[in-house]
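Visitor: Before anything else, here's the structure in question.
Computed from the coordinates by the stated procedures, all read-outs in this text should not be read as laboratory data. No experiment lies behind these values; they were computed from the predicted model shown. Cβ: placed from backbone, ideal geometry, glycine included. Neighbour counts: every protein chain shown.
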Amino acid sequence: MKGQSVPPVVTLSAPQDLLEVRELRVSLGGREVVHGIDFNLAAGEKLAIVGESGSGKTVSALSLLRLLPQAGLSGSVRLQGRELLTLAEPELRLLRGSAVAYVFQEPMSALNPLLTLGQQIAEVLQLHRGLVGASARARVLELLESVGLPDPLAQARAYPHQLSGGQRQRALIAMALASEPRLLVADEPTTALDASLRLQMLALLDEMRQRLGLAVLIITHDLHLVRRFADRVLVMKDGSVVEQGAVDAVFAAPRQAYTRTLLESLLQRELPPAGACTVTSPSQSRPEPACLEAMALRVSYPVALSGWRGWLRCGRYWAREGVELRLEAGQTLGVVGESGSGKTTLALAALGLLPHQGRLRVLGQDWLDLQRPEQRRLRRRVQVVFQDPYASLSPRLTLEQIVAEGLQVHEPGLSRAERLVRVLAALREVGLLAGLAPAEQQTWLQRYPHEFSGGQRQRIAIARALVIEPQLIVLDEPTSALDVTVQQQVIALLLRLQRERGLSYLLITHDMAVVWAMAHQVTVLRAGQVVEQGSAESVLRAPRMPYTRSLVQASGL
Amino acid sequence: MSSSTDRAPVGPWRLAWRRFRAHRLGWFSLRLFALMVLLSLGAELISNDRPLLLRYQGHWYAPVLQDLPETTFGGDFATPTDYLDPFIQRQLEQPGNWVLHAPNRYHHATVNYFAREPHPAPPSADNWLGTDDRGRDLFARLLYGFRLSVLFALALTASGVLLGLAAGAIQGYFGGGTDLLLQRLIEVWSALPELYLLIIFSALFEPSVGLLLLLLSLFGWMGLSDYVRAEFLRNRQLDYVRAARALGLGPWQLIWRHLLPNSLTPVVTFLPFRMSAAILALTSLDFLGLGVPPGTPSLGELLAQGKANLDAWWITLSTFALLVTTLLLLTFMGDALRDALDPRQARP
């Protein structure tokens with residue numbers, strides 16, 4: 001057969017390797033952050049670099065073309081056989097954007113808000129292809145069409161703010177492709193996008209790769225994306241490559257412990273069975289009042305008003321139909337939807353921070369019916385944990401002040417010593433002071449938020465809510481700002497607290513994987529309307545609506 | 001991470017202070033300026049026509065603190081003693097008597113009636129920096145003038161910060177209609193011609209430092225309130241403020257505990273620049289003759305004298321040198337403070 005005449009794979013692939021990285025070391029500010037990494041990338045290949053924040057994956061990718069001006073580099077980076085680390089700056093500049101193009105995470109900040117898309121793409125064409133005038137315009141339209149933007153003529157005249165997030169990301173890809181690069185480096189290309197857009201974007205990248213024979217280097221912390229998209233994967237930890245290989249092989253049989261923890265942190269469903277808490281309550285026989293009940297609740301979100309009315313105020317979009325929700329005590333209700341679906345408005349209304357229309361009974365009471373002192377009593381029973389642990393703690397208060405704040409409001413009679421006991425108990429409960437000597441605990445209490453990691457901060461936020469012993473906690477995207485392994489830990493903590501204390505959670509998220517891991521019931525919102533509702537198993541296993549199906553698929557479940 | 005566990009916790013303000021001290025020019029400027037202010041606060045001990053302490057015929061006197069009639073020292077009249085009078089000096093130098101003079105023997109208002117040269121006199125051993133056109137010692141005028149300028153600037157800055165914080169906090173926290181209304185009021189208020197008001201008021205009332213301070217305070221807070229308002233508007237929709245509202249804190253607790261400490265950065269950064277602006281404002285008003293009442297030691301009035309007596313180079317030159325030094329030190333401090341409070345700066 002002809003099989004014998006084919007040379008061994010190694011000799012075949014070696015001369016074809018587009019990019020060859022050997023012993024690449026990067027130091028920033030005198031500290032080495034990447035400790036000698038090696039990898040190859042062949043033309044037409046899809047390689048993914050995964051790792052948590054701070055693992056050095058973005059720094060490595062930017063260092064390929066020496067895009068970090070202060071970084072100290074050593075090792076070797078060869079692109080089509082040319083050494084890049086010693087190349088003179090003017091020659092390197094020619095390669096940037098032409099042979100290697102970058103697509104960054106945040107499409108809004110990567111585009112110049114004062115230029116139209118057409119102008120920005122034409123600039124690349126002029127710089128790298130020498131195209132001007134009519135030929136450049138024609139090519140711009142061609143590119144915009146090739147990335148699947150409808151009506152390219154109108155898009156070329158549009159400014160970045162006139163486009164949606166997905167359209168902007170497509171435009172960025174068109175811009176990157178304008179110079180006909182050999183290698184496309186995409187740094188977290190889907191993180192800023194809504195779940196349903198992510199799949200489209202990956203499909204687009206893959207299509208471009210096939211059509212143009214590009215190599216794609218994708219940097220991400222999202223393992224679903226890796227599994228769906230890449231041929232090979234490179235796992236980084238603390239500036240070193242801990243494992244690399246074909247995606248299937250690594251996912252099926254990870255050799256390194258770290259890779260295993262990463263893979264295991266793909267969320268599992270380990271819920272207390274629905275109603276487990278009501279079993280322990282004495283009033284099992286008669287139906288308990290719902291923890292949260294919405295009847296014909298109309299949610300709204302701000303929209304820009306047109307004409308002169310928009311000068312002074314922002315308009316509000318009111319959903320046409322009311323939302324019906326019910327959250328039983330001791331359970332978790334997941335509310336899923338994209339940005340602009342009204343889910344955050346719902347969360348704020350449940351907290352009594354935003355007026356609403358329709359009925360919303362929280363623990364049997366409606367915020368709108370209550371007087372000030374009664375509101376304050378209800379506040380004590382409803383608490384919140386926000387998405388971004390860096391924004392949700394005041395940077396000028398110490399750990400003790402942050403956690404003790406609720407006690408000062410709701411139990412002003414406590415002495416300082418009693419308060420301290422409660423604060424320590426709450427912190428211990430969220431697993432923050434484990435294994436610390438009492439003296440060390442004291443210094444911890446005097447620390448400020450900037451001295452804690454993201455996961456620790458989220459635990460502090462949970463402790464702040466717990467310390468006044470609420471019954472309902474609104475979780476607003478509680479894990480989406482965290483690394484995957486930390487995500488898993490925080491979810492485990494929330495589930496344990498639910499089991500032990502019989503807490504009810506209103507879980508607001510766009511991530512079906514989190515719903516799968518935590519929720520008993522789920523409600524899918526879109527533009528302020530309920531799309532689908534039911535138990536988490538039934539909705540996620542067999543979604544009826546196409547919208548729900550796209551969300552479930554995007555989460556890789 | 002292991003080293004961070006033994007380190008004492010450091011607050012954000014403490015960190016900024018550390019960064020400020022690491023800024024060598026700024027830290028040096030702060031210390032030099034503080035020294036100058038401290039010295040000027042003790043101006044009576046440095047530059048005074050009255051001796052600090054003296055013994056006359058077995059009695060101890062402290063003329064700095066008490067008014068002594070000339071008869072005490074064998075004079076003819078019960079008028080306050082002129083210690084520059086050669087007769088009094090001879091009396092005090094008699095054996096058995098002892099005098100401790102201030103290093104510079106002139107007060108800012110002292111006119112030396114016994115000077116050897118016509119006024120304005122160039123620098124000499126008697127008058128280190130010379131005298132002005134009324135025969136008053138220039139060093140003494142500068143020292144007391146500097147003190148007045150700095151104290152005036154401190155008071156003006158303090159009142160400006162308090163008013164600006166209050167207005168900005170109310171606008172930023174309550175937002176909406178309150179914000180809109182106050183913003184329009186501020187715009188109207190800032191359109192009032194400050195200089196004309198000063199001229200009119202100096203014609204209506206007897207000019208005084210207090211009146212000047214009041215008038216300048218009324219207009220000096222508006223730039224700051226804009227910054228505070230913007231910080232409040234930004235901070236009040238951050239999650240930690242929402243979380244605190246969900247905890248049940250009232251508006252004043254929210255402002256005091258959460259919003260104010262997190263909105264102070266622009267206020268602190270602008271302090272030195274506001275100080276130098278205030279010093280400059282007082283100097284220019286004095287130069288124009290719209291400022292402090294005549295006779296008060298003031299840098300602007302000295303500059304005006306320098307302009308009127310161009311041949312007396314020592315007046316202009318020394319006043320100019322003092323002003324430039326002061327303003328430069330304040331600017332350096334402001335630069336260092338801005339760097340220290342810049343959140344994008346790496347931690348030391």
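Visitor: Compute a Gaussian network model of chain B, connecting alpha carbons closer than 10 Å, and tell me which residue from B:28, B:205, B:270 fluctuates the most.
Guide: So, out of B:28, B:205, B:270, the one fluctuating most is B:205.
Visitor: If you don't mind, there's one more thing I want to ask. Normalised by the residues of chain A, what does the relative contact order come to in percent, with Cα pairs under 8 Å and at least six apart?
Guide: About 15 percent, as a whole number.
Visitor: For the range A:353-367, just list the computed ³J(HN,Hα) in residue order, Karplus coefficients 6.51, -1.76 and 1.60, θ = phi - 60°, integers in Hz, with x standing in for Gly and Pro.
Guide: 9, 9, x, 9, 10, x, 9, 9, 9, 10, 6, x, 10, 10, 3
Visitor: Please arrange A:161, A:128 by how many other C-beta atoms lie within 10 Å of their C-beta, fewest to most.
Guide: A:161, A:128
Visitor: Using a simple charge model, +1 on the beta-carbon of Lys and Arg, -1 on the beta-carbon of Asp and Glu, nothing else, what dipole does the range A:329-441 show about its Cα centre, in debye to the nearest 20?
Guide: 320 debye
Visitor: Sticking with this structure for a sec: Considering the options B:333, A:97, A:525, tell which one lies farthest towards the positive end of the dipole of the protein assembly as shown, charges being +1 on Lys and Arg and -1 on Asp and Glu at the Cβ, about the Cα centre.
Guide: Final value for the positive-end residue is A:525.
Visitor: For the range A:382-443, state the average projected area of the convex hull of the C-alpha atoms over all orientations, rounded to one decimal in nm².
Guide: 5.1 nm²
Visitor: On the principal axes of its Cα set, how long, how wide and how thick is the range B:97-136? Give whole Å, largest value first.
Guide: Between the extreme Cα coordinates on each principal axis of the range B:97-136 lie 33, 17, 17 Å.
Visitor: Rg to Rh for chain A: what is it, with Cα atoms only and Rh by Kirkwood?
Guide: Result for chain A is an Rg/Rh of 1.01.
Visitor: With springs only between Cα atoms under 10 Å, which of B:30, B:192, B:218 fluctuates most in a Gaussian network model of chain B?
Guide: Judging by the Gaussian network model, the answer is B:192.
Visitor: Something else about it: In whole angstrom, how far apart do the alpha carbon centroids of the range B:54-71 and the range B:113-166 sit?
Guide: So the two Cα centres are separated by 27 Å.
Visitor: Where both residues lie in chain A, what percent of DSSP beta bridges are antiparallel, nearest 5?
Guide: Just about 55 percent of them are antiparallel.
Visitor: Please state the relative contact order of chain B as a whole percent: Cα pairs under 8 Å, 6+ residues apart?
Guide: Answer for chain B is 21 percent.
Visitor: Take the alpha carbon atoms of the range B:269-294, find their center, do the same for the range A:383-434, and report the distance between the two centers in whole angstrom.
Guide: The distance from the Cα centre of the range B:269-294 to that of the range A:383-434 comes to 47 Å.
Visitor: Once Lys and Arg get +1 and Asp and Glu get -1 on their Cβ, which of A:173, A:215, A:156 lies farthest toward the positive end of the dipole of the range A:155-222?
Guide: Of A:173, A:215, A:156, it is A:156.
Visitor: Still on this structure, I have one more. Based on DSSP loop calls and a cut-off of at most 16 other Cβ atoms within 10 Å, the longest stretch of chain A free of exposed GluC sites (Glu not before Pro) is what?
Guide: So the longest stretch without any such site is A:1-269.
Visitor: If you don't mind, there's one more thing I want to ask. Say we join alpha carbon atoms closer than 10 Å with springs in a Gaussian network model of chain B; which of B:212, B:247, B:322 then has the biggest fluctuation?
Guide: B:247
Visitor: Given charges of +1 on the Cβ of Lys and Arg and -1 on the Cβ of Asp and Glu, with all other atoms neutral, how large is the dipole of chain B about its Cα centre, in debye to the nearest 20?
Guide: Charge dipole of chain B: 1960 debye, to the nearest 20.
Visitor: Let me ask another. Which Cα, out of B:169, A:317, A:539, lies furthest along the positive dipole direction of the protein assembly as shown (beta carbon charges, K/R +1, D/E -1)?
Guide: A:539
Visitor: From the convex hull of the Cα coordinates of the range B:163-319, what is the mean projected area in square nanometres?
Guide: Directional mean of the projected Cα hull area for the range B:163-319 stands at 11.5 nm².
Visitor: Give the percent of DSSP beta bridges with both residues in the range A:423-552 that are antiparallel, rounded to the nearest 5.
Guide: For the range A:423-552, the DSSP antiparallel bridge percentage is about 55.
Visitor: Quick one: compute the contact order of the range B:190-348, relative version, from alpha carbon pairs under 8 angstrom and 6+ residues apart, as a percent.
Guide: 23 percent
Visitor: Taking the Cα centre of chain A as origin and charging only Cβ (+1 Lys, Arg; -1 Asp, Glu), how large is the dipole, in debye to the nearest 20?
Guide: 840 debye
Visitor: Okay, helix-only estimate at 222 nm for chain B: each DSSP H run of n ≥ 4 adds -39500 (n - 2.57), divide by all residues, round to 500 deg cm²/dmol; what do you get?
Guide: That calculation yields -19500 deg cm²/dmol at 222 nm.
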